[in-house]
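> Got a structure here, written out as structure tokens. Questions coming.
The values are calculated or read from the model by the stated rules, or taken from the named source; none is laboratory data. Nothing here was measured: the structure is a model prediction, and the numbers come from that model. Virtual Cβ from ideal backbone geometry, glycine too; neighbours counted across all protein chains shown. SASA here: full protein model, heavy atoms, side chains in, ligands and nucleic acids out. Shrake-Rupley method; radii C 1.70, N 1.55, O 1.52, S 1.80 Å.
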Amino acid sequence: MKSQLVIGLDIGGTKIRAGAVSKDGQVVNSETMPTEAAKGKAAILRNIEAAIASVSKGKAAAIGIGIAGLVDHDRGIYVQGPNLPKSFQNVPLVKLLTDKLKIPVTIDNDAHCFALAEAVFGAGHGHKTVVGVTLGTGIGGGVVMDGQIFRGRDNAAGEIGHMTIGLNHDAVCGCGQTGHFEALASGNAMAKLYKTKTGNQLAPVDVENAAKSGEKEAQAVISEMAESLAVGIASIIHAFDPDMVVVGGGLAKANILWEPAIQKIREKLIYGQLRDIPVVRAALGPDAGVIGAALLTGKIGP
Ligand SMILES: [Zn+2]
């Protein structure tokens with residue numbers, strides 16, 4: 001009988017995480033290795049193949065890939081993204097890997113994978129429409145309806161990090177434009193806003209700690225960010241009226257930001273009914289990307 005081992009791959013700018021995922025969404029075996037993005041296309045491809053080999057041991061039935069940036073899901077092409085070099089643009093990843101491994105390969109944006117995993121196996125389990133938000137160094141998102149990713153025409157639906165929420169704000173986003181959700185509420189935003197206020201460069205976690213210990217400038221940064229986070233999430237709720245918003249990523253764990261933001265969301269929603277929509281933290285932890293990628297194959301899950 002043919003093996004049904006399904007592999008999920010989460011490819012980031014610094015590391016590649018690969019996992020064998022069971023039918024019910026458990027990561028049974030995983031491996032993390034460096035992407036070595038700076039070394040260019042050949043090295044990245046070599047590391048992707050090595051990551052797959054380390055968990056599949058030649059027995060994979062299908063592979064799903066999640067990767068940051070724009071992905072042509074239908075044609076299986078990684079188009080471009082913020083964390084990988086120019087040499088790794090317009091890469092026909094699905095064809096390259098299918099030709100080599102002779103098994104089905106599927107690819108999508110990593111935040112789509114996160115949202116899918118949380119909707120099917122995580123915090124959003126049992127809910128019809130789930131919006132997933134990744135709140136980390138940057139901000140990504142995905143919309144899942146009835147267990148399916150809503151992709152839009154270009155598979156760019158859910159790029160919520162680039163919603164303009166501060167029209168007159170000069171905070172620069174990772175994309176180069178200003179006033180975007182990501183420029184005002186991400187980990188990068190926290191560090192930049194703090195630097196603008198104080199002239200000092202601190203990592204986001206150190207800004208959080210400074211705020212906790214009572215530093216006024218750090219507290220002002222967190223307070224501004226909580227406002228921005230609330231505006232962004234309220235906008236998502238107004239756009240989709242989802243059954244749940246699930247927020248993951250490192251910054252979602254920061255209570256000092258999370259608690260005031262959750263309070264403020266309610267104030268910004270125009271209908272009482274919308275205020276009942278749960279906005280919750282993700283349940284699957286760092287494996288969500290791998291699980292969501294494996295779900296893309298259609299070979300696991302309900
Ligand atoms: Zn942007």
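> Between the range 184-225 and the range 244-302, how far is it from one alpha carbon centroid to the other, in angstrom?
Using only Cα atoms to place each centre, the spacing works out to 23 Å.
> Pairs Lys59/Lys299; Lys41/Lys299; Lys23/Lys59; Lys59/Lys86; Lys192/Lys264: which are spaced more than 26 Å apart, C-alpha to C-alpha?
From the list (Lys59/Lys299; Lys41/Lys299; Lys23/Lys59; Lys59/Lys86; Lys192/Lys264), the Cα-Cα distance tops 26 Å for Lys41/Lys299; Lys59/Lys86.
> I want the local charge near Gln148. Using Cβ-Cβ distances under 15 Å, sum +1 for each Lys or Arg and -1 for each Asp or Glu among the other residues.
Around Gln148, the surrounding residues sum to -3.
> Who wins for biggest fluctuation among Glu159, Glu224, Glu215 in a Gaussian network model of the chain, springs between alpha carbons below 10 Å?
Checking each option, the largest mean-square fluctuation is seen for Glu215.
> With a 1.4 Å probe and all protein chains left in place, how much accessible area per residue does the range 1-116 have, in Å²?
The answer is 46 Å² per residue.
> Ignoring ligands, DNA and RNA, what percent of the 1.4 Å accessible area of the chain is carbon and sulfur?
52 percent
> Looking at the chain, send over the antiparallel percent of its DSSP beta bridges, to the nearest 5.
Here the share of antiparallel DSSP bridges comes out near 60 percent.
> Once the whole set of protein chains is in place, how much accessible area is left on Thr198, using a 1.4 Å probe, in Å² to the nearest 10?
Its heavy atoms expose roughly 40 Å² to the probe.
> I would also like to ask the following. Send over a whole-number figure in Å² for the accessible area per residue of the range 126-282, probe 1.4 Å.
Result: 47 Å² per residue.
> Of the residues Thr134, Thr164, Thr106, which exhibits the maximal mean-square fluctuation in a Gaussian network model of the chain defined by a 10 Å Cα contact cut-off?
Looking only at Thr134, Thr164, Thr106, the largest GNM fluctuation is found for Thr164.
> Mean residue ellipticity at 222 nm from the helices of the chain, using -39,500 (n - 2.57) per DSSP H segment of n ≥ 4 over the full residue count, to the nearest 500 deg cm²/dmol?
Estimated from H runs of four or more residues: -11500 deg cm²/dmol.
> Listed highest first by mean packing, meaning other Cβ atoms within 10 Å per residue, what order do 24-32, 244-252, 70-78 come in?
244-252, 70-78, 24-32
> If you build a Gaussian network model of the chain, linking Cα atoms that sit under 10 Å apart, which residue out of Val280, Val290, Val130 swings the most?
Val280
> Can you list which of the DSSP-assigned H helices in the chain have a Cα extent of 24 Å or more along the long axis and an average Kyte-Doolittle score of at least 0.0?
Both cut-offs are met by 216-240.
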